[in-house]
Amino acid sequence: MKTSNPVLSRLGQAAERERAAGYGPYGPPAGQPGYGQPYPTATGYPASPPAVQPMTIDDVVVKTVTLLGLTGVSAVAAWNLIPGSLAGPAFVGAAIVGMILGFVISFSRMANPALVITYAVIEGVFVGMASKFFAVVAGQQGIILQAVVATFGVFFVMAMLYRARVIRATPKFTRGLIAVMSGLFAVMLINLVLSLFGVSTGLRDNGAIGIIFSLVCIVVASLSFILSFNEIEEGVRMGLPQRYSWTAAFGILVSLVWLYIEILRLLSFLQGDD
């Protein structure tokens, strides 16, 4: 089960360890009582040993829809329940907690559905507060629906391009995109720290630099779906356990939230020029 994707390699190794620690085709693992003997049944006939169910495309679809539903409900609840005086702290807090959880999930060697679900809820608060800012504080009511439609439109276009093999997750493409994403994250983190000290770089301002940077982020976020689709396809081929579908759905959710925020920001810039 070799792959050029480091995430899949890590998950594949974890899955191998699970299968090695579990029951083989002839009963309990080596060294335990009953090794080499078929499983007995009430009728006295041997039975098939328990097996780990591999994940399927349908599993990933169900988990993705579940996470999107949780994020949407959390976003609506945050919009309506968190008062304006706490909107800023809630936004920053959700962003920090979401980032920490994202790192934990991304670098974990085991799929953790509870962490992924928690991440979806926290991201809902983040999305809800960001949406409320642009719609209410900035007075741009119409851009929320526009951003949602554009986000899912881009998602389905990228899915069709991947299925048609117009864009493929080759090793070179994967390494290059991961490097660009890491660079963008570093730039955004540095920009955030500088903004806390009153230093403006223009990357997040309504100007030419801000618009160009948002366009770059939108393109990269869109291409990140290709990595997610490839991870799902390869994960199914490698026979990863069913619960790893939560990890695959997490990857799609991360890209969707990032893409939505960047589109929302770009629409705000463009409407602000009217």
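Below is a table of values for the structure above.
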item	result
Val136 versus Ala179: modelled label distance in nm, points set 7 Å from Cα along the beta carbon direction	4.4 nm
Highest-first arrangement of 126-134, 92-100, where packing means the average Cβ count within 10 Å	126-134, 92-100
Point-to-point label distance, Met110-Thr66, nm (Cα→Cβ direction, 7 Å offset)	1.8 nm
Fully extended contour minus Cα-Cα distance, from Ile212 to Met188, at 0.36 nm per residue	7.3 nm
Highest to lowest packing among 204-212, 68-76, scored as the average C-beta count within 10 Å	68-76, 204-212
Cα gyration tensor, the stretch 106-184 - rounded (a/c under 1.5), prolate or oblate	oblate
Cβ-Cβ FRET estimate between Arg165 and Gln242, R0 fixed at 22 Å, reported to 0.05	0.25
Distance in nm between pseudo-label sites at Lys172 and Ile96 (7 Å out along the Cβ direction from Cα)	4.3 nm
Cα-based shape type of the stretch 143-235, given that a ≥ b ≥ c are square roots of the gyration tensor eigenvalues and the cut on a/c is 1.5	oblate
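Only the coordinates and a few stated rules stand behind these numbers; no lab work does. Bear in mind that the values here come from a model prediction, so they are computed numbers and not experimental data. Cβ coordinates were reconstructed from backbone atoms using ideal geometry, including for glycine residues, and neighbour counts include every protein chain displayed.
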